[in-house]
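See below for the structure under consideration.
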Amino acid sequence: MHILVTGAAGFLGSALANRLVDEGHSVRGLDDLSAGDPTRLSPQVLLTRGDVNDRPKLWSLLQGVSCVFHLAARVSVPESVLFPRDYNTVNVGGTVSLMEAVRDVGVQRVIFASSGAVYGEQGAQPLHEGLAPLPGSPYAVSKLAAEYYVRTIGQLVGVTTLSLRVFNAYGPGQPLPAVHAPVIPRFLQQALSGGSLVVSGDGRQTRDYVYVDDVVDGLMAAMMAEPSAGGVINIGSGQSTSVRQLAEAVGRATGRKIEPLYRNTETTGVSTMQADLGLAQQALRFAPRVSLDEGLALILAEDPRFRRD
Ligand code: NAD
């Protein structure tokens with residue numbers, strides 16, 4: 001199949017594009033390289049540098065394509081609080097631009113990387129797709145709005161669409177920006193450099209950490225799923241891990257003595273997140289394969305930034 005991956009030079013996009021190439025597909029990528037790194041990509045991925053709002057570029061990239069994976073986005077919750085307009089332009093506007101181009105060119109299927117963040121603070125766990133979303137940040141609002149655009153435009157123009165609500169993905173190659181770094185690579189770096197692990201709040205907040213290869217499994221399954229599979233499906237580990245437990249796991253993986261430093265004054269976002277995987281199992285035969293301990297060991301083995309001396 002000819003496939004387009006937007007955000008192809010990103011953490012998840014590159015893992016997906018490389019897997020697609022390995023499985024024999026012809027893969028085009030689009031990325032503006034605002035956060036992506038093209039060196040992550042197999043040379044067989046034909047990467048075009050460009051903006052997801054550039055419809056003429058989308059028209060030409062979509063010629064002959066049967067499935068689009070839409071991953072291009074701005075991805076930081078705290079940054080979205082500072083720059084909500086930018087998040088709206090890229091995450092919502094970019095999705096609408098893509099769906100217009102998909103309609104114009106006549107693509108059959110769009111798989112959208114949404115986020116578990118759309119659930120927000122819910123009373124009940126695990127989080128299932130039937131819950132009314134309560135997005136708590138401009139990032140979460142932008143992913144939810146994009147989900148609605150993907151589904152609605154898809155229904156109106158006869159394109160099969162599926163939005164996967166990915167929970168907290170981690171793995172080798174995950175970006176480690178100087179500010180607002182994701183917790184797993186940040187903890188690994190802090191542990192290996194002999195520093196304290198800096199924990200926001202009291203560390204009792206929980207997240208559902210899902211290994212990158214499991215996310216790619218879910219995306220690949222979505223490409224083949226029945227069109228009736230449903231508009232929105234969770235992709236997570238199904239496990240709820242507190243930040244304290246994560247710190248202990250990082251200690252086990254690195255063999256370092258862990259001394260968390262609690263920043264009780266910092267806000268932590270939602271208190272609990274755990275994906276219900278019932279629909280993913282049923283519709284995609286999705287079953288995560290990598291435990292948190294195994295995933296941390298794989299990062300240490302494969303990611304040169306965390307090589308132990
Ligand atoms: P990432 O930042 O590594 O990848 C996003 C890519 O999009 C980057 O390569 C960036 O350069 C590109 N991009 C940004 N703006 C663009 C634009 N205007 N035009 C073209 N390309 C643009 O992030 P990621 O973690 O790989 O996330 C990929 C997707 O998965 C995103 O849509 C994100 O919302 C979603 N997601 C990620 C997670 C996670 O834990 N990593 C969880 C839920 C959902």
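The values are calculated or read from the model by the stated rules, or taken from the named source; none is laboratory data. This structure is a prediction, so every number in the text was calculated from the model and none was measured. When we count neighbours, we look across all protein chains shown, and the Cβ atoms used for this are built from the backbone with ideal geometry, even at glycine. The area values use the complete protein model at the heavy-atom level, side chains included, leaving out ligands, DNA and RNA. Shrake-Rupley method; radii C 1.70, N 1.55, O 1.52, S 1.80 Å.
Listed highest first by mean packing, meaning other Cβ atoms within 10 Å per residue, what order do 18-24, 213-219 come in? Please report the intermediate quantities before stating the final value.
Numbers: 18-24: 15.3, 213-219: 21.7.
So the order, starting with the most tightly packed, is 213-219, 18-24.
Normalised by 2.2 N^0.38 Å, with N the number of residues, the alpha-carbon radius of gyration of region 91-232 equals 1.20.
Less than 12 Å Cβ to Cβ from residue 165, Lys/Arg counted +1 and Asp/Glu -1: what total charge do the surrounding residues give?
Values: positive: 143; negative: 129, 147, 208, 276.
Taking every Cβ under 12 Å from that of residue 165, the sum is -3.
A Cα-only calculation for region 1-92 places Rg and Dmax at 13.2, 41 Å.
Can you tell me the equivalent ellipsoid semi-axes for region 164-207? Use √(5λ) from the Cα gyration tensor, largest first, whole Å. Display every interim value, and only then the final one.
Working: eigenvalues 71, 47, 16 Å².
Each semi-axis is the square root of five times an eigenvalue, giving 19, 15, 9 Å.
Shown are 163, 196, whose ranking by accessible area with a 1.4 Å probe and every protein chain present, most to least, is 196, 163. In plain terms, the bigger the Kirkwood radius, the slower the diffusion; for the chain, with that radius from Cα pairs, at 20 °C and 1.002 mPa s, Stokes-Einstein puts D at 109 µm²/s.
When all protein chains stay in place and ligands, DNA and RNA are ignored, the 1.4 Å accessible-area order of 139, 119, 262, largest first, is 262, 139, 119.
Relative intensity of region 219-278 on a log10 scale, I(q)/I(0) at q = 0.15, 0.17, 0.18, 0.25 Å⁻¹, equals -0.70, -0.79, -0.83, -1.10, per a Debye sum over C-alpha point scatterers of equal strength in the absence of solvent.
Taking all protein chains together and a 1.4 Å probe, the residues 224, 1 rank 224, 1 from largest to smallest accessible area. For the chain, the longest principal axis of the C-alpha atoms and the axis of helix 11-22 are separated by about 60°. Rg ratio for region 70-159: its Cα radius of gyration over 2.2 N^0.38 Å, N being its residue count, equals 1.12. With contacts taken as Cα pairs under 8 Å and at least 6 residues apart, region 195-309 reaches a relative contact order of 42 percent. When the chain is treated as a GNM with alpha-carbon contacts under 10 Å, the residue of 180, 70, 128 showing the greatest mean-square fluctuation is 180.
In sequence order, region 45-57 has phi-based couplings of 7, 8, 8, 10, 7, x, 8, 5, 8, 8, 5, x, 5 Hz under the Karplus curve 6.51 cos²θ - 1.76 cosθ + 1.60, θ = phi - 60°, and Gly or Pro positions carry x. In region 50-103, one over the average inverse separation of all distinct C-alpha pairs is 11.8 Å, which is the Kirkwood hydrodynamic radius.
Grab the other residues whose beta carbon is less than 11 angstrom from that of residue 276, score K and R as +1, D and E as -1, and report the net.
-1
With all pairs of different alpha carbon atoms counted, what Kirkwood hydrodynamic radius in Å does region 92-133 show? Evaluated on region 92-133, it is 12.7 Å.
As a fraction of the 1.4 Å probe accessible area of the chain, surface on carbon and sulfur atoms comes out at 50 percent. Other residues with beta-carbon under 14 Å from the beta-carbon of residue 88 carry, at +1 per Lys or Arg and -1 per Asp or Glu, a net charge of +1.
Across region 275-284, computed HN-Hα scalar couplings (Karplus, 6.51 cos²θ - 1.76 cosθ + 1.60, θ = phi - 60°) run 7, 7, 9, x, 5, 4, 5, 6, 7, 10 Hz from first to last residue, x flagging Gly and Pro.
Using Cα-Cα distances under 8 Å and only pairs 6 or more residues apart, what relative contact order does the chain have, in percent? Please report the intermediate quantities before stating the final value.
Values: 620 pairs, mean separation 52.0, N = 309.
Here the relative contact order equals 17 percent.
Under a Gaussian network description of the chain, with springs only between Cα atoms under 10 Å, the residue in 132, 17, 73 that fluctuates furthest is 132.
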